[in-house]
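Contents: one structure, followed by commentary.
The values are calculated or read from the model by the stated rules, or taken from the named source; none is laboratory data. For clarity, every value in this text was computed on a predicted model and none was experimentally measured. Virtual Cβ from ideal backbone geometry, glycine too; neighbours counted across all protein chains shown. Note: accessible area is taken over every heavy atom of the protein model, side chains too, but ligands, DNA and RNA are not part of it. Shrake-Rupley method; radii C 1.70, N 1.55, O 1.52, S 1.80 Å.
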Amino acid sequence: MFSNTLVTTEDLAAHLDDPNWVILDCRFTLTDTGAGRQAYEKAHIPGARYVHLDDDLSAPVGETTGRHPLPDPRVLAEKLSAWGIGVNKQVVVYDDSYGAMAVRLWWMMRWLGHPGVALLDGGYPKWLREKRPVNADIPAPHKAACACLPEPSQIVTADEVLRASQTGEQLIIDARPDRRFSGEFEPLDPVAGHVPGAINWPFDENLDVDGTFLPPEALRENYQALLKGKPTWQAIHMCGSGVTACHNILAMEIAGLPGSRLYPGSWSEWITDPARPAATGDVA
């Protein structure tokens, strides 16, 4: 049976030699794009392959895209196949930022229709705290055949976000830290602020003090309070470039609230059109 939300460190440790499990290391730093690969080359969970956010999980940036545009699904499927991911494989993704980066691949594989992909709860920090094994060995290539059936209903466009902003009929949830949402501090994008009408729910609100996800019942209480009776499909998630927003989507899945959607371009795409409105000030 596949896990499709979270995998514990105990479960992963028990399957390190399982040929039906594929481990992907997604460590990445937005301000130092080579740091994750360098860390991987020094040490990683045995058997893990490295996946780079810019090179593997994003298309080239254009004048009207965000910082991490979605890649061509066929190109992504070819890479997944080259990493040994077939339809019968359990995939585990991890990073060293409590899922903030690895959730991008978790969401993308579900977008393509892969039934078994889960985030390592607590990530690499928890793995190290528990003194579990690491090495610097690079796995040998292993070709497989990965599904490629992208589901367009999981994606929201900028035009749909604009309508949601104007009508309030759908809930826009922004996963960035509150200072970036309010416009007080913006280290990555040339315009600060947020989409008018959006609410702020920083992704780390999903986490317990040890960096693992809150229990499902706590997550459910939090998101039901945000939804205020709206169905989950009316929740639109965004962030700076469509990465950490996936953390909130995963949290809703864990909470038993599936069906929310992603605006992949997020704030960095939104601001490429000066006609789109921007708001600053108090965090909603």
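Per residue, segment 96-251 exposes 43 Å² of accessible surface when a 1.4 Å probe is rolled over the protein heavy atoms with every protein chain present. For Arg49, the residues 5 or more places off, or on other chains, whose built amide H falls under 5 Å of its own are Ile23, Leu24, Asp25.
With unit charges on the beta carbons (Lys and Arg positive, Asp and Glu negative) and the dipole taken about the Cα centre of the chain, which residue among Pro150, Tyr124, Thr5 sits farthest to the positive side? Highest projection toward the positive end goes to Pro150. Which of the three applies to the chain, rounded, prolate or oblate, going by the alpha-carbon gyration tensor with a ≥ b ≥ c and a/c under 1.5 meaning rounded? It is prolate, given that a/c is not under 1.5 and a/b is the larger ratio.
Taking the Cα centre of the chain as origin, work out the dipole magnitude from +1 charges on Lys and Arg Cβ and -1 charges on Asp and Glu Cβ, in debye rounded to 20. Using only the charged Cβ atoms, the result is roughly 360 debye. Relative contact order of segment 1-112: 32 percent, from C-alpha pairs under 8 Å at least 6 residues apart in sequence. Among the lysines of the chain, pairs at least eight places apart or on separate chains and with Cα atoms under 29 Å apart come to 11. Could you grab the relative contact order for segment 1-48? Cα pairs under 8 Å, six or more apart, rounded to a whole percent. Result for segment 1-48 is 33 percent. When you restrict to C-alpha pairs under 8 Å that are six or more residues apart and normalise by the size of segment 195-268, the relative contact order lands at 34 percent. Determine the dipole magnitude for segment 179-284: charges of +1 sit on the beta-carbon of Lys and Arg, -1 on that of Asp and Glu, nothing else is charged, the reference point is the Cα centre, and the result goes in debye to the nearest 20. Computed about the Cα centre, the dipole is about 400 debye. Here, segment 166-284 has an Rg and a Dmax of 13.8, 42 Å when only alpha carbons are counted. Taking the accessible area of segment 77-142, probe 1.4 Å, and keeping the other protein chains in place, the carbon and sulfur fraction comes to 58%.
How about segment 1-63: which chymotrypsin sites (Phe, Trp or Tyr not before Pro) there lie in a loop by DSSP and see at most 13 other Cβ atoms within 10 Å?
Within segment 1-63, the qualifying chymotrypsin sites (Phe, Trp or Tyr not before Pro) (loop, at most 13 other Cβ atoms within 10 Å) are Phe2.
Comparing Asn88, Cys239, Ser266 along the charge dipole axis of the chain, the residue lying farthest to the positive side is Asn88, per the Cβ-charge model.
When you count, for each residue, the other Cβ atoms within 10 Å and take the mean per peptide, how do 193-200, 92-99 rank with the highest first?
In decreasing order of mean packing, 193-200, 92-99 become 92-99, 193-200.
Taking the accessible area of segment 152-256, probe 1.4 Å, and keeping the other protein chains in place, the carbon and sulfur fraction comes to 52%. Counting only Cα atoms, segment 206-268 measures 31, 29, 15 Å along its principal axes, largest extent leading. One Cα centroid belongs to segment 264-284, the other to segment 99-136; the line between them spans 29 Å. In a reduced charge model with +1 at each Lys and Arg Cβ and -1 at each Asp and Glu Cβ, segment 1-42 shows a dipole moment near 220 debye about its Cα centre.
Using only the C-alpha atoms, the convex hull of segment 117-158 corresponds to 179 Å³ per residue.
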